[in-house]
Amino acid sequence: MKRYNKPRVFFYLDPLYYSGGKAYRYPFSLQDYKDLKTLLDNHSGTYLLNLSMQNKEMIEIFGEPNLIETYPKPTTNTSSGTREKWGCGYWWKF
């Protein structure tokens, strides 16, 4: 990201879920997200960041998202037959 820190560069970022744990070969630590925040704060171009809202640490690191969308989980149903929901946060600088 440092190499492409230019006003005309747009980054779309969809990093690993923090709660993904061992599902990923190289999971992100909280420090990785903090480092990403520093890179975004210093980026002279634009970006769109997409993160799961299941971990409140993301709000502590990135602040309140510009937008939160809620989606039904594809495979989980509650005992009442309704689908559970999960939130996705979007942060941007345009």
Inter-residue pairs, beta-carbon under 7 Å, first on the phi < 0 side of the Ramachandran plot and in region 50-70, second among the acidic types (Asp, Glu), 6+ apart: ASN50/ASP14
Which residues, taken from region 37-71, are among the hydrophobic types (A, V, I, L, M, F, W, C) and out of contact with any strand residue (DSSP E or B) (no Cβ under 7 Å at 6 or more places or on another chain)? LEU39, ILE59, ILE61
Working only within region 1-28, note down all residues that are surrounded by 10 or more Cβ atoms within 10 Å (Cβ to Cβ) and either assigned to a helix (DSSP H, G or I) or among the polar types (S, T, N, Q) (or both). ASN5, TYR18, SER19, GLY20
For region 50-69, how many residues are more than 17 Å from GLN31 (Cα to Cα) and modelled with pLDDT of 90 or more? 7
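The values are calculated or read from the model by the stated rules, or taken from the named source; none is laboratory data. Predicted model, so just to flag it, every value in this text is computed and none were measured. Cβ coordinates were reconstructed from backbone atoms using ideal geometry, including for glycine residues, and neighbour counts include every protein chain displayed.
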